[in-house]
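A short write-up of the structure that comes next.
Coordinate-derived values only; no laboratory data. Model, not experiment: these values are computed from the prediction. Glycine also receives a Cβ, built like all others from the backbone with ideal geometry; neighbour counts cover every protein chain displayed.
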Amino acid sequence: MPDAIRALRQALPYVRLYKGKTFVVKIGGRILQKRETLDALIEELCLLHQVGIRIVVVHGGGPQASELSRRLGIEPTIVAGRRVTDEQTLEVAKMVYAGSLNVDMLSVFRAHQTPAVGVSGVDAGLLTARRRHKKRIEPFPGAAPVEVDFGFVGDIVRVDPAILESLLAAGCVPVISPLACDERGTVFNINADSIAEAVARSLAAEKLLILTDTDGVLRDPADPTSLVSLTDIAGLERMREEGKLTGGMLPKVDGAIAALRGGVRRAHILNGTRAGTLLMEIFTNSGSGTMIAERCEAAGVPVEQGAAA
């Protein structure tokens, strides 16, 4: 049997299973740096849309914001992976996130004849946020905690998905940039991972797919071949205690756990820079990244085996 026919036959049960379901896809800023990578990924998202899966995209843009900041003579301040956002940095964030990046993504959807609409958390009251309190945190693991004022960085307090439901019902793909505001209209920079999990919970999504530039959760962060294909919340907590989850993987894992506890059926962390990875994760038995269930035993799946269900 030709490989293409075999692949289609393997994908068909998943197409039936997921038709009409909602997937929230978070795309990290590093993936957006290369046009060819972005084009290949959005082509895969358009295919999911064409087979009847409701797609909501949330994008980051940290590297692009840092690049523009430096071009404007503003050195970015990042503590424990989180961007400190003063008034100047907030203006940069608005220009990059809701401006150039969002428009560039919409143009690629347009090239693939898929209707997509750019929104931010500010639009139609989608996200309500509050200013993040000053926190004592470790700048890096093992360092002495310091008090950090993150400025115009917000934490989500409420999601109103009505605008997303309207766009999805109209057959559109919402593309959300990581900004929100409070009841008084103060705009905040919001972590895109936090937005993705909050939106996934509010929509009772089938899947939260977190696309980054690594293959997924690794048993050994120094060994790229140590991919964990399947785990659950308890497994991730053990890895955290053992110090195997560090740096940028921590907010992704936290987002996945919050989504699962909020009713999202599955969370996935996978490499969005590799063409075909998204489709392999969704439509094949072996998958390509890390799939996370709330409890593997309850789902009837043995831990750390490949599965796409």
Quiz item: To the nearest 20 debye, what charge dipole does the chain have about its Cα centre, counting +1 at the Cβ of each Lys and Arg and -1 at the Cβ of each Asp and Glu?
Solution: 460
Quiz item: Given Cα pairs under 8 Å that are at least 6 residues apart, what percent is the relative contact order of the chain?
Solution: 20
Quiz item: Out of segment 221-279, which GluC sites (Glu not before Pro) are coil in DSSP terms and have no more than 13 other C-beta atoms within 10 Å?
Solution: GLU242
Practice problem: Report the net charge of residues surrounding ALA98, where surrounding means a beta-carbon distance below 15 angstrom and charges are Lys +1, Arg +1, Asp -1, Glu -1. | Solution: -2
Quiz item: Reachable lysines from LYS26, Cα under 17 Å, same-chain residues fewer than 8 places away excluded?
Solution: LYS34, LYS207, LYS252
Practice problem: Can you bin segment 146-294 into rounded, prolate or oblate? Criterion: square roots of the alpha carbon gyration tensor eigenvalues sorted a ≥ b ≥ c, rounded for a/c under 1.5, prolate for a/b above b/c, oblate for the rest. | Solution: oblate
Exercise. First check a/c for segment 3-299, with a ≥ b ≥ c the square roots of the eigenvalues of its C-alpha gyration tensor; if it is under 1.5, answer rounded, and if not, answer prolate when a/b is larger than b/c or oblate otherwise.
Key: oblate
Quiz item: Once a ≥ b ≥ c are taken as the square roots of the eigenvalues of the Cα gyration tensor of segment 138-206, is the result rounded (a/c under 1.5), prolate (a/b larger than b/c) or oblate (a/b not larger than b/c)?
Solution: prolate
Quiz prompt | Part-to-part distance (alpha-carbon centres) for segment 51-67 and segment 73-111, which is given in Å | solution = 12
